[in-house]
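Trainee: Sending over a structure as structure tokens; questions will come in a sec.
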Amino acid sequence: MAERKTRGKNRFDGKNREYKSDVFSMLLEYPENALAAYNAINHSNYTDPQQVRMCSLDRGISLSVRNDASFILDMNLSIYEHQPTICRNMPLRSLIYFSGIILDIIKGQDIYGYSLVKIPTPRFVVFYNGGQDQPEQSEMRLSDSYERKMDQPELELVCKVYNINIGKNKELLDHCRFLKEYVLFVDRVRKNYEAAGHMDLERCIRKAIDSCIREDILRDFLMERRAEVLKVMTLDYTFERRLMLQQEAAHAAGQEDKLWSQIQKKQLKGKTNAQIADELETTVEEITEIIKKRQ
């Protein structure tokens with residue numbers, strides 16, 4: 001990562017944020033990193049970070065609505081998100097982000113007049129590096145949320161999802177150094193935390209920061225913003241792990257609901273617990289426990 005002592009005027013002022021950040025969005029505050037990510041995604045070769053116009057959602061938007069990174073380059077409005085857990089509502093969230101940013105962009109223009117009001121072309125990207133197995137690249141569509149499906153939705157929004165876990169999308173990461181180093185840093189925190197039995201998170205993060213600085217992984221960034229990285233990563237990692245556990249619990253509850261429905265149908269046919277367990281390929285103990293809980 002290049003030295004950050006001299007920065008362009010376009011740099012997003014992190015001191016004025018009204019919401020908490022995370023390491024990914026902190027890195028994308030730097031126009032040179034936004035430029036590098038844009039080039040890697042779009043196979044372009046822009047070289048001047050001054051061409052990047054950073055956007056933000058911290059102007060009167062609800063504190064619960066925050067976008068990781070938004071910027072305009074070459075008349076494209078890129079809206080980037082990082083996700084450590086699967087969120088099927090990402091297209092809907094992106095629509096909200098886009099609306100807020102566009103309202104700011106067209107402020108003062110006459111949208112009721114004859115002249116066509118031009119807006120930058122939106123591009124929606126999600127970088128995923130969670131623990132669930134996901135394809136290298138996929139898409140999420142706003143139309144998936146529609147109660148009534150349409151063959152040709154009149155309003156569509158497509159989020160391109162890139163799995164940036166180690167071993168995935170190697171070409172993309174090889175063309176974007178800061179993103180590759182971010183993945184290495186997060187992987188070290190994750191491995192340290194797992195090795196510690198999910199105990200003493202702050203110590204695990206400090207250990208990852210120290211090893212990355214020694215090995216020139218996000219070195220300048222981590223040295224300059226070490227305290228902030230430690231703080232936001234502790235907050236976000238704790239939140240993300242809680243969210244993951246909640247998702248696992250919800251999935252388990254759904255599986256149990258399905259199993260209970262099957263049990264009830266077989267009970268109506270007069271089948272014993274042993275017969276039910278055999279037909280559902282589970283144990284008599286599990287069947288008995290579910291019946292006990294539900295009755």
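The values are calculated or read from the model by the stated rules, or taken from the named source; none is laboratory data. This one's a predicted model, so the numbers in the text were calculated from it and none came from an experiment. We place every Cβ from the backbone using ideal geometry, glycine too, and count neighbours over all the protein chains shown.
Trainee: If you scan region 137-157, which residues turn out to be surrounded by 15 or more Cβ atoms within 10 Å (Cβ to Cβ) and either acidic (Asp, Glu) or in a strand (DSSP E or B) (or both)? Give the steps one after another, and end with the answer.
Mentor: As a first pass, look at region 137-157 and keep what is surrounded by 15 or more Cβ atoms within 10 Å (Cβ to Cβ): 140, 142-143, 157.
Of everything in region 137-157, just one residue is surrounded by 15 or more Cβ atoms within 10 Å (Cβ to Cβ) and either acidic (Asp, Glu) or in a strand (DSSP E or B) (or both), namely MET140.
Trainee: Say we look at region 39-87 and pick out the residues that are closer than 25 Å to GLN132 by Cβ, of a type in the set (D, E, K, R) and assigned to a loop (DSSP other than H, G, I, E, B); which of these is modelled with the lowest pLDDT?
Mentor: ARG66
Trainee: With MET150, MET90 as the choices, which residue is in contact with a strand residue (DSSP E or B) (Cβ under 6 Å, 6 or more places away or on another chain) and farther than 20 Å from ASP74 by Cα? Can you show your working first?
Mentor: Working: MET150 fails: in contact with a strand residue (DSSP E or B) (Cβ under 6 Å, 6 or more places away or on another chain).
Result of the check over MET150, MET90: MET90.
Trainee: Can you name every residue in region 169-193 that is modelled with pLDDT of 95 or more and either among the hydroxyl-bearing types (Ser, Thr, Tyr) or part of a loop (DSSP other than H, G, I, E, B) (or both)?
Mentor: Scanning region 169-193 gives ASN169, HIS175, CYS176, TYR182.
Trainee: Only one of (1) modelled with pLDDT under 95; (2) under 19 Å from ASN33 (Cα atoms) is not met by MET223, so which one is it?
Mentor: With (1) modelled with pLDDT under 95; (2) under 19 Å from ASN33 (Cα atoms) applied to MET223, the lone miss is (1).
Trainee: Restricting attention to region 88-107, report how many residues are surrounded by 17 or more Cβ atoms within 10 Å (Cβ to Cβ) and of a type in the set (Lys, Arg).
Mentor: Total satisfying the criteria: 1.
Trainee: Look through GLU281, GLU256 and report the one residue that is outside any helix (DSSP H, G or I) and either of a type in the set (D, E, K, R) or modelled with pLDDT under 80 (or both).
Mentor: GLU281
Trainee: Still on this model: Can you pull out the residues in region 105-125 that are of a type outside the set (Val, Ile, Thr) and assigned to a strand (DSSP E or B)? Reasoning before the result, please.
Mentor: Initial filter on region 105-125 (of a type outside the set (Val, Ile, Thr)): 107-110, 112-116, 118, 120, 122-124.
Within region 105-125, PRO122, ARG123, PHE124 meet the criteria.
Trainee: If you don't mind, another one. For TYR162, state whether it is crowded, with 18+ Cβ neighbours inside 10 Å, modelled with pLDDT of 95 or more and not polar (S, T, N, Q). Write out each step before concluding.
Mentor: Values: crowded, with 18+ Cβ neighbours inside 10 Å: yes; modelled with pLDDT of 95 or more: yes; not polar (S, T, N, Q): yes.
Against the criterion (crowded, with 18+ Cβ neighbours inside 10 Å, modelled with pLDDT of 95 or more and not polar (S, T, N, Q)), TYR162 qualifies.
Trainee: Right, here's the next one. Show the residue pairs meeting these rules: Cβ distance below 6 Å; 6+ apart or different chains; first residue within region 189-217 and under 17 Å from VAL23 (Cα atoms); second residue polar (S, T, N, Q) and at pLDDT 90 or above.
Mentor: Filtered contacts from region 189-217: CYS204/ASN192; LYS207/ASN192; ALA208/ASN192.
Trainee: Could you tell me whether CYS204 is crowded, with 19+ Cβ neighbours inside 10 Å and outside any helix (DSSP H, G or I)?
Mentor: no
Trainee: Tally time: how many residues in region 258-278 are touching a Ser or Thr at 6+ places or on another chain (Cβ under 8 Å) and among the polar types (S, T, N, Q)? Break it down stepwise before answering.
Mentor: To start, the set of residues in region 258-278 that are touching a Ser or Thr at 6+ places or on another chain (Cβ under 8 Å) comprises 259, 273, 277.
Still in the list and also among the polar types (S, T, N, Q): 273.
So the count comes out to 1.
Trainee: Something else about it: Hey, among the residues in region 280-295 that are surrounded by fewer than 12 Cβ atoms within 10 Å (Cβ to Cβ) and among the acidic types (Asp, Glu), which one's farthest from the chain's Cα centre (by Cα)?
Mentor: Among residues in region 280-295 that are surrounded by fewer than 12 Cβ atoms within 10 Å (Cβ to Cβ) and among the acidic types (Asp, Glu), the one farthest from the chain's Cα centre (by Cα) is GLU285.
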